[in-house]
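K.L.:
Shown below is the structure under consideration.
The values are calculated or read from the model by the stated rules, or taken from the named source; none is laboratory data. No experiment lies behind these values; they were computed from the predicted model shown. FYI the Cβ positions are ideal-geometry reconstructions off the backbone, even for glycines, and counts take in every protein chain you see. Note: areas computed on protein heavy atoms with side chains; ligands, DNA, RNA excluded. Shrake-Rupley method; radii C 1.70, N 1.55, O 1.52, S 1.80 Å.
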Amino acid sequence: MVTQFNSQMKLISQAVVNYLDISDTVDKCDQYLNKVMVQIQELEGKFADFDDYVLELTEKREELYNAFETKKQDLLDKHNKKVLSLFNSSERILKGIVKRVKSFKTVEEINGYFATDIMAEKVRDIEDQLNLLNDPVKADEISAKFKTIKENAIRQLKDKQELFVGGENVIKLGKHQFS
């Protein structure tokens, strides 16, 4: 009986090591933890008459639970770090875009910039990556900022063209012009 119990415990330990290695998502951690817990419950049923074994299985259950929880927390930390890094990168790119669009003189230049520029494409790429990382809130926030920057640039350019005459020193209000 002792040999059988020890061999079962070794098999569970080896399975845990393998499961922890292949757990690359939180869902997989939960899935593999459940598999191991089922095996431990089966052993508890098999060796229920032996108090020492039941105690050892209880300790093993706690140890395994802690190992999988640690792995899940590491995965969550990596995920959150990546999301934050992508979001901060998009913020820097958006600030550069704001500066760049102020220099355009026509709406076509602004639209062309947002349609073809590599930095604008990079923002859209980051938005897609955030959606793939299951963070649609940050992706939507970036999308909204990106759209707002374009709309503000077009609005400011139109206001500037309607208000100012002959350069930026003369303002036109109706028929009147003021310097």
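K.L.:
Quick one: would you say Tyr32 is open to solvent by less than 60 Å² (accessible area, probe 1.4 Å), among the aromatic types (Phe, Trp, Tyr) and over 36 Å from the mean Cα position of the chain (by Cα)?
P.N.:
no
K.L.:
Same structure again: Return only the number of the condition from (1) more than 30 Å from Ala153 (Cβ to Cβ); (2) of a type outside the set (Gly, Ala, Ser); (3) open to solvent by less than 70 Å² (accessible area, probe 1.4 Å); (4) at pLDDT 95 or above that Asn88 does not satisfy.
P.N.:
Looking at each condition in turn, Asn88 falls short on (1).
Table: residues versus (1) at pLDDT 95 or above; (2) within 22 Å of Leu84 (Cβ to Cβ).
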| position | (1), (2) |
| --- | --- |
| Lys102 | no, no |
| Lys105 | no, no |
| Glu109 | no, no |
| Tyr113 | no, no |
| Thr116 | no, no |
| Glu121 | yes, yes |
| Ile126 | yes, yes |
| Asn134 | no, yes |
| Ala153 | no, no |
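K.L.:
Let me ask another. Looking at Leu64, Leu76, Leu94, which one is out of contact with any His (no Cβ under 7 Å at 6 or more places or on another chain) and either exposed (fewer than 14 other Cβ atoms within 10 Å of the Cβ) or not in a helix (DSSP H, G or I) (or both)?
P.N.:
Going through Leu64, Leu76, Leu94 in turn, just one is out of contact with any His (no Cβ under 7 Å at 6 or more places or on another chain) and either exposed (fewer than 14 other Cβ atoms within 10 Å of the Cβ) or not in a helix (DSSP H, G or I) (or both): Leu76.
K.L.:
Among residues belonging to the range 44-55 that are under 20 Å from Asn34 (Cα atoms) and open to solvent by 80 Å² or more (accessible area, probe 1.4 Å), point out the one that is farthest from the chain's Cα centre (by Cα).
P.N.:
Filtering first and then ranking leaves Lys46.
K.L.:
Continuing with this model, one more query. Report yes if Lys82 is open to solvent by 70 Å² or more (accessible area, probe 1.4 Å), farther than 22 Å from Asn131 by Cα and among the basic types (Lys, Arg), otherwise no.
P.N.:
no
K.L.:
If the Cβ limit is 7 Å and pairs must be 6+ apart or interchain, which residue in the range 104-128 that is open to solvent by 70 Å² or more (accessible area, probe 1.4 Å) pairs with which residue that is in a helix (DSSP H, G or I)?
P.N.:
Met119/Ile93; Met119/Gly96; Met119/Ile97; Lys122/Ile93
K.L.:
Only one of (1) within 15 Å of the chain's Cα centre (by Cα); (2) over 30 Å from Leu133 (Cα atoms) is not met by Thr58, so which one is it?
P.N.:
Thr58 satisfies every listed condition except (1).
K.L.:
Also, quick follow-up: Can you tell me which residue is farthest from the chain's Cα centre (by Cα) among those in the range 99-141 that are of a type in the set (Asp, Glu), farther than 26 Å from Gln156 by Cβ and assigned to a helix (DSSP H, G or I)?
P.N.:
Asp125
K.L.:
Those residues that are part of a helix (DSSP H, G or I), of a type outside the set (Asp, Glu) and free of Cβ contacts under 8 Å to residues at least 24 places away in the same chain, I need them from the range 47-56; list them, please.
P.N.:
Val54, Leu55
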